[in-house]
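Below is one structure; the comments refer to it alone.
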Amino acid sequence: MTLVFQPRDDVLSWGRAHRGRQSLGRPADASELRAWAAVDKGPRLARGLGRSYGDSGLHAEGRLIDMTCLDRFRSFDAMTGLLRAQAGLSLDTLLKVTAPQGWFVPVTPGTRHVTLGGAVAHDVHGKNHSWAGTFGRHVRALSLLRSDRGLIEITPQSDPELFAATVGGMGLTGLIVEVTLQLTAIASTDLVVETLPLGGLDDFFALNLQSLERFEQTVAWIDCAQRGSKLGLGVYTRANWATDGGCVAQGDRRGPSLPFEAPSFALNRVSLSLFNQAYRAVQLARPRRARLAYGDVFYPLDAVQNWNRLYGRSGFYQYQSVVPHQGGREALADMLRIIGRSGEGSPLVVLKTFGALASPGMLSFPRPGYTLALDFRNRGQATQALLARLDAVVRAAKGALYPAKDGRMPRDMFALSFPQAQRFLTYRDPACGSDFLTRMGL
């Protein structure tokens, strides 16, 4: 059967700021994908569940391969935690099988609705970077379908350069077909969580220093509307896996769906400030120490379906940067001052620490330092100008931006962020491309 591609106008980035006609095909299984790839050497890009915020998951000049039907387990050893599965398997489906048996993904992003292939392609990170590093550190092998070499198996030992290009390589080294992943053992599917107030940035650095060695999961929520002495006001959360109680199945717990795109005026300086005040109060009203299911700790946003519609039809840009430990305090303060003065930003502002564990990919984003992530509604040139001011701070601090979240990174920022980019391009599949790659002029 020939793989059929249909022109689609409803394929958007998760940030919804990037839209345009895409040619989409969905192979029913791996054999159909291989049969198509054997005869068609045209431009292509694999696509998972579409959670890339920017344009790294789009390819207007080629074809998108929807990998979500390639979602089968190949093998799972419940004694060792070694998993082999097709790249279209979601973390949600994976965890429904493995977590009740005492095995969890070693690193998870803030949503379970990503595929294994997407997690590898963007070398995702979580709240435990200081303990576990990135997702790619735990990948043991990849099955990769290239236009020039066919289906090949690569490992960090057998083909270290191509493996390093593929992990974090945004799907540009070929179509990831299968992933072998080492899971981590857990004694319970709950975590013991502590929630602490932050009066400002000084509190964050003090609590962070106390917490990183004792708590595996650490993250701060920041009220980006605050200024002056309250700059960095927020909530600090730290957690460890519970050591008793056993492992039980946990459902997705999806809540209501946002049924429509919010009007452009809904998110403004006043509504943002009011929401942030209420959110902080709710968080701090809870017990300081609580036992929570893993879904409530790792995936709170999954409880609201289509939450990305909150920013209206024009969508939003997520801006995630990392700045080195040295000079990081000053850079974070400068960025928060710029954001506070602008009156822009979002209720979802995350500040985390990246530890010393090296990321395995040539284009992996995490490196030692502090990473700040937040959303900005798309207001055209005004938003672009604001993000350019943040770029200047990151550039001066010798920091970096995250391509998986990016929709407008200047080319010079990409070159600064990823000095191995030219080396990476030598391992790119000649048929693979993306709107991000085109925008970077590569």
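Read-outs: derived from the displayed coordinates by stated rules, not from any lab. Since we're looking at a predicted model, the values are computed, not measured. Glycine also receives a Cβ, built like all others from the backbone with ideal geometry; neighbour counts cover every protein chain displayed.
Counting lysine pairs in the chain whose alpha carbons fall under 21 angstrom apart, excluding pairs fewer than 8 residues apart on the same chain, gives 6. Packing, as the average of other Cβ atoms within 10 Å across residues, places the peptides 121-132, 346-357, 410-421 in the order 121-132, 346-357, 410-421, highest first. Relative to the dominant Cα principal axis of the chain, helix 201-211 is inclined by about 60°. Where does the charge balance sit around HIS122 when Lys and Arg score +1, Asp and Glu -1, over other residues with C-beta under 10 Å from its C-beta? With Lys, Arg at +1 and Asp, Glu at -1, the neighbours total +1. Axis angle, to the nearest 10 degrees, between helix 269-285 and the longest C-alpha principal axis of the chain: 80 degrees. Between the listed residues ALA404, PRO43, MET67, the Cα displaced farthest toward the positive end of the dipole of the chain, a dipole computed from Cβ unit charges relative to the Cα centre, is found at ALA404. Annotation: peptides 96-104, 288-296, ranked by per-residue average of other Cβ atoms within 10 Å with the highest first, follow the order 96-104, 288-296. Each part reduced to its alpha carbon centroid, the range 282-347 and the range 23-51 end up 34 Å apart. For the range 73-186, the spread of Cα positions along the three principal axes, ordered from largest to smallest, is 41, 29, 26 Å.
For the range 190-412, a Kirkwood hydrodynamic radius built from all Cα pairs, placed in the Stokes-Einstein relation at 10 °C and 1.306 mPa s, yields a translational diffusion coefficient of 86 µm²/s. On a C-alpha basis, how far is the centre of the range 82-103 from the centre of the range 198-234 in Å? Whole number, if you could? Here the answer is 33 Å between Cα centres.
Helix 30-39 and the longest principal axis of the Cα set of the chain meet at an angle near 60°.
Is the C-alpha gyration tensor of the range 305-442 telling us rounded, prolate or oblate? Criteria: a/c under 1.5 is rounded; beyond that, a/b larger than b/c is prolate, otherwise oblate. The shape class here is oblate.
When +1 charges are put on Lys and Arg Cβ atoms and -1 charges on Asp and Glu Cβ atoms, the dipole computed for the chain relative to its Cα centre reaches about 820 debye. Computed from phi, the 3J(HN,Hα) profile of the range 298-313 under the Karplus parametrisation 6.51, -1.76, 1.60 (θ = phi - 60°) reads 8, 10, x, 5, 5, 6, 10, 6, 6, 5, 5, 6, 4, 8, x, 5 Hz, with x in place of Gly and Pro. Charged neighbours of ARG280, selected by a Cβ distance under 14 Å, balance to 0 (K, R count +1; D, E count -1). Computed 3J(HN,Hα) for the range 43-55, one whole-Hz value per residue from the Karplus formula 6.51 cos²θ - 1.76 cosθ + 1.60 where θ = phi - 60°, is x, 8, 7, 6, 9, x, 8, x, 9, 6, 6, x, 9, glycine and proline marked x.
What is the distance in Å between the Cα centres of the range 366-380 and the range 122-163? Spelled out, the Cα-based centre of one part sits 25 Å from the other. Shown is the FRET efficiency for SER273 and VAL304, computed with R0 = 22 Å from the Cβ-Cβ distance and rounded to the nearest 0.05: 0.60. Backbone geometry of the range 7-20 corresponds, through the Karplus equation with coefficients 6.51, -1.76 and 1.60 at θ = phi - 60°, to 3J(HN,Hα) couplings of x, 10, 9, 10, 8, 10, 5, 4, x, 6, 7, 10, 8, x Hz, x marking Gly and Pro.
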